């Protein structure tokens, strides 16, 4: 099975948040896909956490190392097709 994963789910897992085990369970044995922008969104999220003193640099670096271990295939997003889908499905 293939699953598109988003930034919030990844942060939940690498940040050891309460829903981590459920996300790991649901994604075991599947192929994970994400738009390339997820990579930058992860960096931005941890940067914001550092600025707000929610985490320290050691924790941030540990989370980034954990993120890099997750096997994700990054794909290009075809914006015109995406917009057509948004229009058709109103999502």
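Each value in this text was obtained by applying a stated rule to the coordinates, not by laboratory testing. Quick caveat: nothing in here was measured; it's all calculated off a predicted structure. Ideal geometry is used to build each Cβ from the backbone, glycine not excepted, and the neighbour counts take in all protein chains shown.
Regarding the range 30-45, can at least one residue be identified that is free of Cβ contacts under 8 Å to residues at least 24 places away in the same chain and either buried (at least 17 other Cβ atoms within 10 Å of the Cβ) or within 18 Å of residue 71 (Cβ to Cβ) (or both)? Can you show your working first?
In the first step, residues of the range 30-45 are kept if they are free of Cβ contacts under 8 Å to residues at least 24 places away in the same chain; the result is 40, 43-44.
In the following step, the residues that additionally are either buried (at least 17 other Cβ atoms within 10 Å of the Cβ) or within 18 Å of residue 71 (Cβ to Cβ) (or both) were identified as none.
There is no residue in the range 30-45 that is free of Cβ contacts under 8 Å to residues at least 24 places away in the same chain and either buried (at least 17 other Cβ atoms within 10 Å of the Cβ) or within 18 Å of residue 71 (Cβ to Cβ) (or both).
Return yes when residue 57 is farther than 17 Å from residue 15 by Cα, touching a helix residue (DSSP H, G or I) at 6+ places or on another chain (Cβ under 8 Å) and surrounded by fewer than 13 Cβ atoms within 10 Å (Cβ to Cβ) and no when it is not.
Numbers: farther than 17 Å from residue 15 by Cα: no; touching a helix residue (DSSP H, G or I) at 6+ places or on another chain (Cβ under 8 Å): yes; surrounded by fewer than 13 Cβ atoms within 10 Å (Cβ to Cβ): yes.
Criteria not met by residue 57.
Among the candidates 3, 14, the residue that is farther than 18 Å from residue 65 by Cβ and in contact with a helix residue (DSSP H, G or I) (Cβ under 8 Å, 6 or more places away or on another chain) is uniquely 3.
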